[in-house]
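Following: one structure in structure tokens, then a few remarks.
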Amino acid sequence: MKKILFGGKESGPELGSDSDTIVAFYEHGRAKKVLGLLFFIAILVVISGYAMGMGSYSISLTEVYGVIWEHLTHMSDGITSLDMRVVWDARLPRLLTALVAGIGLAAAGACMQSMLKNPLADPYTTGISSGASFGATIAIVLGITIGGSGGIVVNAFVFSLIPTAVILLLSTLKKSSPTTMILAGISVMYVFNALTSWLMLTADETQMAAAYEWTIGTLNKGSWTTLPAMFAVTAAGSLAILFSTKYLNAMNAGDDFAKTLGVNVNKIRITLLGVVSVVAAGIVSFTGVIGFVGLVAPHMARILIGSDNKLLIPGSMICGAIMMVGCDIISKLFTTSALPIGIITSLIGGPIFLILIMRQRKEAW
Amino acid sequence: MGIEIEHLHFGYSEKEILNDISLTIDEGKLTCILGPNGVGKSTLMYCINKLQKLNSGRISYDGVDLATVKMKDMAKLFSFVPHAEEDVFSMSVMDTVLMGRHPHSGFSMTKEDLKIAADNIRLLGVEDLSMRSFDELSAGQHQRVMIARGLTQEPKVLMLDEPTANLDVKYQMLVMKMLRDITRLKGITVLIICHDLNVTSMFADDIILLYGGKVFAHGTSEEVLTESNVETVYGVKCKVSEIQGRPHIALLDGDYLETHISASSKDSIEDALESEELKGQSLVTGDE
């Protein structure tokens, strides 16, 4: 029997069982998966507190949440103003940036994999990262910006949507299969990568360092100013994806079959591609390109709770958030100056993913 | 009333696949569509469930033109069991069967939805597999789960694209018997694309034999499965006898090569037939 860590049952109803028994087994399995998700939310809360307490000025887990509680309720309980400044002003925005990025990229990745029926699909498969990198590099190297004061962020956002626009245009001109969409995204990605490399060759050292830092992703730019926009895009997009899980399940069984269930496959796929692109673009334009989370977090969730999108999407969001916060902790633990998160997510995420694949008795996909 | 097809034409650009098809598929019967490869059996089924748009003609169900029915409403009338499942990420058997509730349910499944799915899992005898992952099942189990999913849709018409393909003889018989029992038990119309003439003869109430883009014969197995019909449509000689009150087709080796295979291919196939391995075997079905 396939190993799913939560809710995977070594036994099921016996042959000849009545319908109520089958339903009871099913509901019991679902309840175990939901409990598994709650357990991971608890882990997320603990590691988030730990991450905020870490640093040259160390604060305990209880003090961290005490500061946040005090700030929210204005019930002073011996919290020093220094604790308040460190937690609320410096570390909480960074943590929330990690959480929002992890949730958004993982939700987008899970949606892409189900929608395009490809385990290698992630938000960047459609060329979003390369578009964003090119937009940011134009701003950094040439100083050309679309959004005036928004500078790099607006450039990155606008350019990251271009590959998706190309795919959508292709889909309207010619009936596109999921594979065609991925291949179109990859071809646009190569064009943008080539243009970015060309620009980098003309850049001076400072510009090149800035552009390079942007392409590997960092949480350092997260602040109370950038969070509202990032949060709004991610929340709206994630909700849209969550409400589409019923359609994603049907599409997973094949386009023709989904159509016979009454699903407008092309419309749903194009709409979700737009949603996923905006979510990923909204995140990478503030953090830079954070790789691997959108690809790996959904697979981790799949191993934990199975492939039903109704649980997989929330599970992926939690796994994405844990991955981001965990990588942030590791970057602070093992390096004197926190390394860009994009390096850690790939460095740590890759081997963990390999271990999970090897531990599977049978593949989860 | 059932499904009524009037002057159906379908084709891609210059190539016409279905040419002026007119027939009625009776309600509450198990109807099989037969015909050689590429004759348009699947296309006919896809035209009925609106996966293909007709070039011209009309298909109606209980007098209602299906062209005017939205896919969402179609899904409450017709369910489709594809030839093979394409899912990349496999779900549990229960979740797979529950997908059949899609046209009837909201965002989440109700107790009633779960009960209907469980009832159909029991009906198809896969209750012991209900918590297993779909991709762990054998071909025969797959087929039963997909039929359970089709029935969970609570359709008036259940359509199956080659449900017995890739199954051994025992499972072919099992699946067809189940489908016949379901037709009787639930009173729904079951429409099946099939290749095995004897399995079809044994279980079908009604047979549609397609040839050259047209309905070559339509009726009971005795009316359709005659020696001359089989020879004309499939290009093979056969001997039809009667077993358990139904026609039984025994295919004969030899002359069919003349009509359907080019001279060069014929030589190579004849050489192969001469070889020790193939000598004396039928190329067409498992009839021995």
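The values are calculated or read from the model by the stated rules, or taken from the named source; none is laboratory data. Since we're looking at a predicted model, the values are computed, not measured. Virtual Cβ from ideal backbone geometry, glycine too; neighbours counted across all protein chains shown.
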Subset of segment A:11-43 [at the interface with another protein chain (Cβ under 9 Å from one of its Cβ atoms), of a type in the set (A, V, I, L, M, F, W, C) and surrounded by 13 or more Cβ atoms within 10 Å (Cβ to Cβ)]: A:Ile22, A:Val23, A:Phe25
Considering only residues that are surrounded by fewer than 24 Cβ atoms within 10 Å (Cβ to Cβ), among the basic types (Lys, Arg) and under 27 Å from B:Asp62 (Cα atoms), which ones fall in segment B:142-197? B:Lys156, B:Lys177, B:Arg180, B:Arg184, B:Lys186
Residues that are within 12 Å of chain A (Cβ to nearest Cβ) and either hydroxyl-bearing (Ser, Thr, Tyr) or farther than 19 Å from A:Asp256 by Cα (or both), drawn from segment B:39-79: B:Ser42, B:Tyr46, B:Ser79
Scan segment A:256-268 residue by residue and report those that are surrounded by 22 or more Cβ atoms within 10 Å (Cβ to Cβ) and modelled with pLDDT under 90. none
Among the residues in segment A:298-305, are any under 11 Å from the mean Cα position of the chain (by Cα), away from chain B (no Cβ under 12 Å) and surrounded by 24 or more Cβ atoms within 10 Å (Cβ to Cβ)? no
Yes or no: A:Thr62 exposed (fewer than 13 other Cβ atoms within 10 Å of the Cβ) and polar (S, T, N, Q)? yes
Residue in segment A:144-152 that is of a type in the set (A, V, I, L, M) and under 22 Å from the mean Cα position of the chain (by Cα) present: yes
Those residues that are surrounded by fewer than 20 Cβ atoms within 10 Å (Cβ to Cβ) and at the interface with chain A (Cβ under 8 Å from one of its Cβ atoms), I need them from segment B:88-104; list them, please. B:Val88
Among the residues in segment B:13-23, are any more than 19 Å from B:Leu160 (Cα to Cα), over 16 Å from the mean Cα position of the chain (by Cα) and in a loop (DSSP other than H, G, I, E, B)? yes
Considering only residues that are of a type in the set (Lys, Arg) and in contact (Cβ under 8 Å) with a residue 24 or more places away in the chain, look in segment B:181-214 and name the one that is nearest to B:Gly35 (Cα to Cα). B:Lys214
If A:Ser223 satisfies every condition in (1) buried (at least 16 other Cβ atoms within 10 Å of the Cβ); (2) out of contact with any Leu (no Cβ under 8 Å at 6 or more places or on another chain); (3) touching a residue at least 40 places away in the same chain (Cβ under 8 Å) but one, which is the exception? (1)
Is it the case that B:Tyr256 is among the hydroxyl-bearing types (Ser, Thr, Tyr) and modelled with pLDDT of 90 or more? no
Kindly indicate whether any position in segment B:159-180 is more than 15 Å from B:Pro36 (Cα to Cα), modelled with pLDDT of 95 or more, outside any strand (DSSP E or B) and hydroxyl-bearing (Ser, Thr, Tyr). no
For segment B:111-134, give me each residue that is over 21 Å from B:Pro155 (Cα atoms) and facing another protein chain (nearest Cβ under 8 Å). B:Glu127, B:Asp128, B:Leu129, B:Ser130, B:Met131, B:Arg132, B:Ser133
Which one of these is in contact with a Pro (Cβ under 6 Å, 6 or more places away or on another chain) and either buried (at least 20 other Cβ atoms within 10 Å of the Cβ) or assigned to a strand (DSSP E or B) (or both): B:Ser79, B:Ser60? B:Ser79
Single residue of segment B:1-59 satisfying the filter (free of Cβ contacts under 8 Å to residues at least 24 places away in the same chain and of a type in the set (Phe, Trp, Tyr)) that is farthest from B:Lys72 (Cα to Cα): B:Tyr12
